[in-house]
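The structure appears below as structure tokens.
The values are calculated or read from the model by the stated rules, or taken from the named source; none is laboratory data. Values in this document were obtained by computation on a predicted structure and should not be read as measured data. Every residue, glycine among them, receives a Cβ derived from its backbone with ideal geometry; neighbour counts consider all protein chains shown.
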Amino acid sequence: MFEGFQNPALALGALAALVPLVIHLLNRRRHRPLAFGALRFVLAAYRRTRRRAQMENWLLLALRMLAVALLAFALARPFSAADGPLALLAEERRDVVLILDASASTGYRENVASVFETIVERAREHVADLDASRGDRVRILLADGTARLIAWRSPEEAQSALAALDEPSDGALDLAAALSELRRIITAEAAGDGAGLEIRLLTDVQRRVFVTDEVADALADDVAQDAPTPGAAAVAAADTLAGAGANSAAPSTVTASAAEPWRAELDALFELGARILVEDLGPPETLPPNLGIQSVGPVEPLLGPGLPLELEVAVTNRGAAAALVRVSLAIDGERLPARALEVPAGGVARALFPAEFDRAGPHLLEGSLEGDRLVFDDRRAAVVHVPAPVRLLAVNGAPDRTDIERDALGLWLAALSPADDGDGALGGFVPFAVHEVDALELAADDLDLDTFDAIVIAGVDSLSSAAVARLEARVRAGAGLLIAPGEASILEAWNERLFRPDGTGLLPAQMMRRIAVASRRTGYFRVARFDESHPALSFFAEPRWRPLFTEVPFYEFASTRPLADAKVLAQLDDELQSPLLIERAFGAGRVLLFTSSLDPAWNRLALSARTLVPFAHEIVRHAAHRDPPRRTLGIGAMIQARFETFPRNPVLTAPSGARRPVEIDPVELQGGFELGPIAGADRAGVWRVDTDTGERAVFAVQADPREGNLERLGSAALADLHPALAAVNLARAADDGAAAPLAGGELWRPIALACLLALIAESLFAAFLGRRRARA
Amino acid sequence: MASKVSGGAGAQAGGTSAFDPAVLDRLAQLSFVARTVVEGFMAGSHRSPRRGSSVEFAQHREYVPGDDPRFVDERIFARSNRLVVKEFVAETNFALHLLVDASASMGFKSLRWSKFDYARWCAAALAYLVLEQRDTAGLVLFDSEARTKVPPGNGAAQAAAILASLEAAAPAGETRVGSVLSWIGTRLKSRGIVAIFSDFLDEPSVILEGVRRLALAGHEPILFQVLDPQEVDFDFAGNLRLEDLEGSGRIQIDAKAIREAYREELERHGAELRRGAAASGLDFVRLVTSSPLDVVLSAYLARRMARARDGRR
């Protein structure tokens, strides 16, 4: 009978209808005893009037109970379904859900008002049409990267929530998340019946919301092959996408449902009877023009301070016409002269800025465009890390100052620390700070291994226990170790000091025996295969540099038995495919074992400068590499700040300038303190964590530049996407026949009227009985 | 000849009337009650039973010591210097039989006095009146049967006996008016007026049958129905558990709900008795214990005068 109650708890008040019954029953038990003589007349009168008196009393009682019950129900404010038995009595009640697109693209401003402001205003209009007194309800979902319910009660509360919305987020619209929240609302609050809800999605109908970039790219690739021109390819892709939602045959190899998580949510909503009216509040163009910064950063990887380099700001033109724009870049707050940049339609152009970092560490880059209609992608920040010179300790097992080729590390050190007076290509840049010692000095107390990022040990016969202990401690703490045997190396001693089968030793493999070619004149080993993706070897992945590594002759090497968790990075072409380069993590650091010598005694690698230089640089840099703290984050990511000193009274400053204290206890790590995770980086731009000690950690939060793609989905294509969606033509007076039915109405007024009638009937009947019995 | 007597001819306003039951209730002895009522009745506009009664001179006889000197014929003494006394026609054949219902139902009262108190006041007053007139009076107290009998007689001793019986009685037992009247009718030797004081809470047909038997036996019954005001009005409120004074009957009722029907039943019962009495030429007088007692006396005297005129014996 009743679909539900506005105030369900008050419906229990209907139990109060039992009170008159209880009073009646209690009164029936209270009879005043009286001895009477003329009982014969009483008996006769009682027999005559018993039935009528009972009926009168019960009718009076029933009227009283009915009045109480009706009053309780009226206060509980029941409502009926639209097709319920009491629908004719019900007042029309609307149950509305408004989903507001608060993604960054809605910041597009064509006229005075932005798309987001239009969306909010439209939501206000919808809410203003509601009447709380008849039980209308409204829920407002604010949708961007997440979906948040910002109002769920009265229209008044909804208006207050809307008044607090002033700008969209910097994130993209996650339609699946919004639909999932909608499904939760229907399941939890509407008894699983979506048919009674009026659901409206107020959006700019951005195409990438409904067609993910992956699907769009795949479809575009499929159709572009047959398209005569790129423009035709784009049109064909759009047409194909429009037909994909209508189950028409699409030539895509990527099915829409697999790549569009919102489709499964719409299927579920459709099963619940929900229909979503999509109000297109975006700009009139299908492809609104927009310029946005796609990326900011160095053209080449940063090697270190003091090196001249180029920084680029890549600008994307989403429009249909080429655009000329002024691009500027600031480095650590210092603005460089702006550059004029012509960006082709639908293309990317890059503005280059020469720069030179004078110090190692993090540097803030801020690119900006002169403003266009969508502001969020006109600025983009990034924090780049300029690595400091690698501090290398070279342990020379066989030094020879007279002959560099006989020195175990002579050629290597020459490659790592070339003499450069500043006029050369490096311009004074020193990528490695090398300190050479011998094996005995390695154990000396005055040698602080903590000051080195990487250690190279070449050709030692053995190492003392003390030296091994210090090495283990340093590598475990994060340093890298490159170790290679030589002519003087005693493999058994190596195993004894450096290898343990349980992996607690430094060596990643057990040294077996020396293997040499029978004659260097007739044969040699070569590199059979290597890990091309490994940072230390990726240089040789390029086909033109590959032979520099694979054609180097190897005459002798030490066979090894790697541990199970060790990784073989390169293998020789002997019968056993013996490892040449083996890597294994050791604590926070890593150990790389080169099974041949670093000097020319066992191979000719060191004699090939074009092989040695990139190989030595990359492997040492890799050994010493530590991922710098992430300073460039996405929207919503957690901030982890590192400080050298204890961060007292840390304060987080947002891009808007708003500040708030960070109330998290810092954690002490080796070399400093870590503060985090700090939540709340929900806006793109530069975030800062400052402490009382003067240290500052800077973070660049970046929005997804693809959100600047404002291409819109046509209403026809939208309607064909899914049967649960219907496009609303705002130019017409009525919806396109897809308006959701009104929910069942409130019944409290007719019930209150019935209660009043029951009370009047009870009063009149009681008065009638009283007068009739008094007249007797 | 049936006559309908309405009460109140000698009643006075306020609680000071001699007929006011409230006044009589304060009198300790029944003899005082009887005298108060009768003298009050006689002091009013009622015809003196002595002066206006049809008492006839019968004969003279020689004076003997002890005779009342008021009855010495003065003319004869003056003429003959003989002391002779007048003898009147003694109504030695007129008797008043008082039948008073002493069943338990007569003990009901909503005032300070019960129906039985009221009935015996009436009976005492009538006995006093009759015996003062040198008529004969007798008394029967009954419930389901005759309980106490004072055979008809006259004189001071008779009055004392009647009053003493009335004072000693207490209401108890069940009511069987009809059967008692039928039985008494065969036992009364001297014909006369039979004043029946009862609430008549019995079947009217049975009551009337008994009354007719009395009439057939030559008597003149007067039915005095004594009821309490609450029995007449049934002006109770709320839920009551009524218990029968004469039995184990019990019922729980909503008083207001059955009031109208109760009154109808009472009136129907009274109307049937009244019709039955009128059909036999008899009087039926309803007495409410809140009403003055002169109604009783007026009714009796009216019947007495009618009997005297008709010369019935």
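With respect to A:Ala536, is the statement that it is free of Cβ contacts under 8 Å to residues at least 12 places away in the same chain, in a loop (DSSP other than H, G, I, E, B) and of a type in the set (Gly, Ala, Ser) true? No: the conditions fail for A:Ala536. Given the criteria at the interface with another protein chain (Cβ under 7 Å from one of its Cβ atoms) and either surrounded by fewer than 19 Cβ atoms within 10 Å (Cβ to Cβ) or free of Cβ contacts under 8 Å to residues at least 40 places away in the same chain (or both), does B:Leu216 qualify? It is false that B:Leu216 is at the interface with another protein chain (Cβ under 7 Å from one of its Cβ atoms) and either surrounded by fewer than 19 Cβ atoms within 10 Å (Cβ to Cβ) or free of Cβ contacts under 8 Å to residues at least 40 places away in the same chain (or both).
Are any residues in region A:442-455 over 27 Å from A:Ala360 (Cβ atoms) and of a type outside the set (A, V, I, L, M, F, W, C), and if so, which ones? Give the derivation first.
To start, the set of residues in region A:442-455 that are over 27 Å from A:Ala360 (Cβ atoms) comprises A:443-445.
Residue satisfying the conditions is A:Asp445 alone.
Contact annotation: residue pairs with Cβ atoms under 6 Å, 6 or more positions apart or on different chains, pairing a residue in region B:248-262 that is closer than 23 Å to B:Thr175 by Cα and at the interface with chain A (Cβ under 7 Å from one of its Cβ atoms) with a partner that is outside any helix (DSSP H, G or I) and not charged (D, E, K, R), are B:Ile251/B:Leu242; B:Gln252/A:His31; B:Tyr262/B:Phe234. Screening region A:599-654 for strands (runs of 3 or more DSSP E) wholly inside it with 3 or more residues that are crowded, with 16+ Cβ neighbours inside 10 Å and out of contact with any helix residue (DSSP H, G or I) (no Cβ under 6 Å at 6 or more places or on another chain) returns the ranges A:639-643. Only strands (runs of 3 or more DSSP E) whose full extent lies in region A:46-155 are considered here, and the ones with at least 3 residues that are touching a residue at least 60 places away in the same chain (Cβ under 8 Å) and closer than 30 Å to A:Phe210 by Cβ are A:95-101.
Looking across A:Glu492, A:Glu472, A:Glu496, one residue alone is in a helix (DSSP H, G or I), closer than 19 Å to A:Arg590 by Cβ and out of contact with any helix residue (DSSP H, G or I) (no Cβ under 8 Å at 6 or more places or on another chain). It is A:Glu472. Restricting attention to region B:65-81 and to residues that are modelled with pLDDT of 80 or more and not in a helix (DSSP H, G or I), the residue that is surrounded by the fewest Cβ atoms within 10 Å (Cβ to Cβ) turns out to be B:Asn81.
Quick one: is A:Arg32 facing chain B (nearest Cβ under 7 Å), out of contact with any Phe, Trp or Tyr (no Cβ under 9 Å at 6 or more places or on another chain) and under 30 Å from B:Arg268 (Cβ atoms)? No, not satisfied. Does B:Ala237 fit the bill of being in contact with a strand residue (DSSP E or B) (Cβ under 6 Å, 6 or more places away or on another chain) and either part of a loop (DSSP other than H, G, I, E, B) or touching a residue at least 24 places away in the same chain (Cβ under 8 Å) (or both)? For B:Ala237, the condition - in contact with a strand residue (DSSP E or B) (Cβ under 6 Å, 6 or more places away or on another chain) and either part of a loop (DSSP other than H, G, I, E, B) or touching a residue at least 24 places away in the same chain (Cβ under 8 Å) (or both) - is not met. Residues of region A:426-466 that are of a type in the set (Val, Ile, Thr) and farther than 24 Å from A:Phe499 by Cβ: A:Val430, A:Val434, A:Thr451.
Quick check on B:Leu266: is it hydrophobic (A, V, I, L, M, F, W, C), at the interface with chain A (Cβ under 9 Å from one of its Cβ atoms), within 26 Å of the chain's Cα centre (by Cα) and not in a strand (DSSP E or B)? Answer is yes for this residue.
Condition first: closer than 18 Å to A:Arg749 by Cβ and touching a Lys or Arg at 6+ places or on another chain (Cβ under 6 Å). Now tell me which residues in region A:135-159 satisfy that. Matches in region A:135-159: A:Gly135, A:Asp136. Only one of the listed residues (A:Arg350, A:Arg318, A:Arg359) is among the basic types (Lys, Arg) and at pLDDT 95 or above. That residue is A:Arg350. Looking at the structure I just gave you, is A:Ala681 outside any strand (DSSP E or B) and either surrounded by fewer than 19 Cβ atoms within 10 Å (Cβ to Cβ) or among the acidic types (Asp, Glu) (or both)? For A:Ala681, the condition - outside any strand (DSSP E or B) and either surrounded by fewer than 19 Cβ atoms within 10 Å (Cβ to Cβ) or among the acidic types (Asp, Glu) (or both) - is not met. If you go through region B:274-306 and pick out every residue that is within 14 Å of another protein chain (Cβ to nearest Cβ) and touching a Lys or Arg at 6+ places or on another chain (Cβ under 9 Å), you end up with 2. Would you confirm, using the coordinates I've provided, whether A:Phe530 is surrounded by 20 or more Cβ atoms within 10 Å (Cβ to Cβ), at pLDDT 95 or above and in contact with a helix residue (DSSP H, G or I) (Cβ under 6 Å, 6 or more places away or on another chain)? No; evaluated as a whole, the condition is false for this residue. Selection within region A:192-208: residues that are assigned to a loop (DSSP other than H, G, I, E, B) and touching a strand residue (DSSP E or B) at 6+ places or on another chain (Cβ under 7 Å). The member of this set that is nearest to A:Ala128 (Cα to Cα) is A:Leu197.
Evaluation of B:Gln252 against the conditions (1) part of a helix (DSSP H, G or I); (2) surrounded by fewer than 16 Cβ atoms within 10 Å (Cβ to Cβ); (3) in contact with a Leu (Cβ under 8 Å, 6 or more places away or on another chain); (4) not acidic (Asp, Glu) shows that the sole unmet condition is (1).
Return the residues of region B:225-247 that are farther than 26 Å from B:Val194 by Cβ and either within 7 Å of chain A (Cβ to nearest Cβ) or surrounded by fewer than 17 Cβ atoms within 10 Å (Cβ to Cβ) (or both); say none if nothing qualifies.
Selection gives B:Pro229, B:Asp233, B:Asp235, B:Ala237, B:Gly238, B:Asn239, B:Leu240, B:Arg241, B:Leu242, B:Glu243, B:Asp244, B:Gly247.
Name the single residue that is nearest to the chain's Cα centre (by Cα) among those in region B:103-131 being within 13 Å of chain A (Cβ to nearest Cβ) and hydrophobic (A, V, I, L, M, F, W, C). That would be B:Ala119.
Can you go through B:Ser80, B:Ser144 and tell me which one is farther than 23 Å from B:Ala22 by Cα, among the hydroxyl-bearing types (Ser, Thr, Tyr) and not assigned by TED's automatic domain parsing to the domain that holds B:Gly249?
Working: B:Ser144 fails: not assigned by TED's automatic domain parsing to the domain that holds B:Gly249.
Every option except B:Ser80 fails the conditions.
Of all residues in region A:294-308, those satisfying the criterion of being in contact (Cβ under 8 Å) with a residue 24 or more places away in the chain and not β-branched (Val, Ile, Thr) are A:Gln294, A:Ser295, A:Gly297, A:Pro298, A:Leu302, A:Leu303, A:Gly304, A:Pro305, A:Gly306, A:Leu307, A:Pro308.
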